[in-house]
Amino acid sequence: MDWVVRKSANGVKTIERAVVIGDEDVADLEDAQRRELEPCEDELGAVVWNSVDAAQEVLLTQLRACFLAAHHPDTKRRAPRARPDVPPFTILELGAGTGAQGLQLYASLRALLPVRYIATDMPCLMPLLRYNVEVMNPEFAPSFDLFPLAWGKPLPSEVASRAPFDAILVVDGVYGNPETWPLLMATLRGAMGKKTTCYNVCEQRVPDVEVGFLDMLESSGSFDVERQWGDAAKAPNRLQSELGHEVRLTCITLR
């Protein structure tokens, strides 16, 4: 295992923890950088999961439509970027991991609309997130913010001051560990407003892995859950991960 450079189709480079096979591009890290990244080595969030490309495809479409609905409800074709009266579209990512998903989305979105992105994860993953933004993609740093956030704890003041967000992303963040679900639900309550949409993307490595969490949200009486899968009318083209697993999108709003 080593730190390997991942290159996306839209030019974003990040490092992740991976088995080195053949001509993999091993990151050229200084000793001090390796020491700083040591706490991240055994974390699940140090790996880019296989749904990243499918999630990129569906989230770009969803986020652009969400921005237009919020700031340009009479516009269907494009969003003017230069108007000073248009506030930035605010996105909060929960469980950002390496930052690869968020950075790829941000790289594509900033060409379409004014956007402010906040990526969060556990404190132990902050060195990896900082490296991937500040070293690998420094041009994004001014509008791509990083904050440690443990689900269920109060939002950091820098995050809470920007709530409610236009969109919240949870990409492969819901696993089959029900003890974390109430914590995530509490965090969503603190970050969402009536106009916020949370986009939950989940690869079906384990069938129906997210269903218990979605059922819990609905039964709480606080959330509306729109499953955009399992219904041919809503999901005519099934999304698939690199390994061929189904990738599901669910849209969550406050009731």
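The values are calculated or read from the model by the stated rules, or taken from the named source; none is laboratory data. Model, not experiment: these values are computed from the prediction. Positions of Cβ are generated from backbone atoms using ideal geometry, with glycine treated the same way; all protein chains shown enter the neighbour counts. The area values use the complete protein model at the heavy-atom level, side chains included, leaving out ligands, DNA and RNA. Shrake-Rupley method; radii C 1.70, N 1.55, O 1.52, S 1.80 Å.
Could you check, for the stretch 173-193, whether at least one of its residues is on the phi > 0 side of the Ramachandran plot and modelled with pLDDT under 95? There is no residue in the stretch 173-193 that is on the phi > 0 side of the Ramachandran plot and modelled with pLDDT under 95.
Among the residues in the stretch 157-168, are any assigned to a strand (DSSP E or B) and either without any contact (Cβ under 8 Å) to a residue 60 or more places away in the chain or surrounded by fewer than 16 Cβ atoms within 10 Å (Cβ to Cβ) (or both)? The answer is no, given that none of the residues of the stretch 157-168 is assigned to a strand (DSSP E or B) and either without any contact (Cβ under 8 Å) to a residue 60 or more places away in the chain or surrounded by fewer than 16 Cβ atoms within 10 Å (Cβ to Cβ) (or both).
Of all positions in the stretch 188-201, none carries a residue that is within 21 Å of Ala163 (Cβ to Cβ), small (Gly, Ala, Ser), more than 19 Å from the chain's Cα centre (by Cα) and surrounded by 13 or more Cβ atoms within 10 Å (Cβ to Cβ).
Taking the stretch 12-26 as the range and being small (Gly, Ala, Ser) and either open to solvent by 60 Å² or more (accessible area, probe 1.4 Å) or over 18 Å from Asp53 (Cα atoms) (or both) as the test, only Gly22 passes. What do you reckon, is Val48 touching a Gly at 6+ places or on another chain (Cβ under 9 Å) and open to solvent by less than 70 Å² (accessible area, probe 1.4 Å)? Yes; evaluated as a whole, the condition is true for this residue. Restrict the check to the stretch 76-89 and report whether at least one residue is under 18 Å from Asp166 (Cβ atoms), at pLDDT 75 or above, surrounded by fewer than 22 Cβ atoms within 10 Å (Cβ to Cβ) and of a type in the set (Val, Ile, Thr). Looking through the stretch 76-89, none of the residues is under 18 Å from Asp166 (Cβ atoms), at pLDDT 75 or above, surrounded by fewer than 22 Cβ atoms within 10 Å (Cβ to Cβ) and of a type in the set (Val, Ile, Thr).
Look at (1) among the charged types (D, E, K, R); (2) on the phi < 0 side of the Ramachandran plot; (3) in a loop (DSSP other than H, G, I, E, B) and you find that Arg130 fails only one, number (3).
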